[in-house]
Amino acid sequence: RLQDSSSVGLGPHRCQEAMGQVVSQVAAACAGRPFKPEVGQGLSLEEQAVLAGVAAPPPVKAFAGRRRPRWLTVEADDVAWFEEAVKAIYGLEGSSTLPVMSSLDKLQAVVSQFDEATLSQCDPLDDIFLARLLIACDFVVQDAMELLRSYVQWRRRIGRVTPPAAWVEAGVVRVPFEDRLGRPVVWINMSRLQPEILDEETMEAGYRATCDVVLAHNLKKRTETLNRENPLEQYVLVLDLRGASSDNFSLPFMKTAVREAATHFPELLAEAWILGAGSMFDFLWRWVISPLLHQRTLRKHKVVSTDQMKTKVQSMVALELLPPDLGGTAPPWKNPMDADLSLEDRVGTVAAKMWRQTSSQDAEEPIRAPEGPRQEAAEVREPVAKAKANTRGNAGSSCCCGPLLRLRSARKPRK
């Protein structure tokens, strides 16, 4: 019964502790001596068994019968490290009062109530995902439970979001590489954001599709053990303001990003770096953007001065991945306005790879970059409307390790 944690309502970590106590009690009873709970405290089950003079028990399997591929559970040997990692991300490094593992067990009890059909339509609702929910909810378990149920309902309704054609064309966001810690880097070129062309629904779908790339990429990289350098599988955001003006600022886009990050992609962001900020951005940041953000999110954002920009970026990313204008040795990034660009040129290598891999399993045709030069605003409005229609009705699509829905380009297909 103790090995099957679901049968007694215990999480895997409390189950491990309970099994150790049972071993000690049985050994004490067989030897005719009183049971001393302090004996063997802090030792593994095998070490406790040796001290008690009995055979070692079989290893305890967390959530017997429910472990599935790519789901990660914090094992007993990783508990102390994982707790400290979560505390550090939350901002309470070294604190002993944060109930990390017991809170995770309570959330896993909620996960166990979902059927397999529901779980197959979501990201792995494992300890990694649930730890991000707990941080987002300041470790208020009841709030995390509500956010978990809301997220599952949302995924069942909308599935995976296909990048709209207008979003791909605009070249606002690219995911070109990882940083030195193996975290995917989402690079936002604010000078490409044109609110008169990209309406709110298109920007919402584009933001969701980009976050799904992060989830898919980190899931693809998973091994059987936790990632020590990126324990919660987060990403790094670079907000590139070079060449941007007030015409590129979109309050709806900012509100969309804040809302989606809070409700559908909680604590997916590890840190954000703002490059090329001027006096206009300083005003917007202080009086418009900052009031929208949680204090913990604000602490993640760092403004980098122009003279320190290259140094900072090079400390984050290997030189062979960076373009020349950032001091790297990689080929320069191409202008999204150019004709006949590949998908990699428009959205970055990481995003293009994920969208191609996940769509090729059942798509009639692979995702491709739109053909031809970029049109003016009046000519693009109709394709944008069609692209918006393609982002709806995605319910039933699979998780990030399954196929994405096919992206239909607003332009004529290649012959």
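Say whether the condition of being at pLDDT 65 or above and either β-branched (Val, Ile, Thr) or under 30 Å from Asp138 (Cβ atoms) (or both) is met by at least one residue in segment 317-328. Among the residues of segment 317-328, at least one is at pLDDT 65 or above and either β-branched (Val, Ile, Thr) or under 30 Å from Asp138 (Cβ atoms) (or both), which makes the answer yes. Residues of segment 259-288 being aliphatic (A, V, I, L, M), at pLDDT below 90 and surrounded by fewer than 18 Cβ atoms within 10 Å (Cβ to Cβ), which ones? Answer for segment 259-288, where residues must be aliphatic (A, V, I, L, M), at pLDDT below 90 and surrounded by fewer than 18 Cβ atoms within 10 Å (Cβ to Cβ): Met280, Leu284, Val288.
When Thr311 is tested against (1) within 26 Å of the chain's Cα centre (by Cα); (2) modelled with pLDDT of 90 or more, just one condition goes unmet, and that condition is (1). Of all residues in segment 205-257, those satisfying the criterion of being at negative phi, surrounded by 16 or more Cβ atoms within 10 Å (Cβ to Cβ) and among the acidic types (Asp, Glu) are Asp212, Asp240.
For segment 104-159, taking the residues that are part of a helix (DSSP H, G or I) and free of Cβ contacts under 8 Å to residues at least 12 places away in the same chain, the one that is least open to solvent (accessible area, probe 1.4 Å) is identified as Phe129. Of all residues in segment 110-143 being under 22 Å from Glu84 (Cα atoms) and among the small types (Gly, Ala, Ser), which is modelled with the highest pLDDT? By that ranking, first place goes to Ala131. Under 6 Å by Cβ, and 6 or more places apart or on different chains, what pairs join a residue from segment 242-265 that is more than 27 Å from Arg132 (Cβ to Cβ) with one that is surrounded by 14 or more Cβ atoms within 10 Å (Cβ to Cβ)? That search, which allows pairs on different chains as well, returns Arg242/Gly276; Gly243/Ser191; Ala244/Met190; Ala244/Ser191; Asn248/Met190; Asn248/Ser191; Asn248/Leu193.
The values are calculated or read from the model by the stated rules, or taken from the named source; none is laboratory data. Predicted model, so just to flag it, every value in this text is computed and none were measured. Cβ sites come from the backbone with ideal geometry, for glycine too, and all protein chains shown count toward neighbours. Protein only, heavy atoms only, side chains kept; ligands, DNA and RNA dropped before computing areas. Shrake-Rupley method; radii C 1.70, N 1.55, O 1.52, S 1.80 Å.
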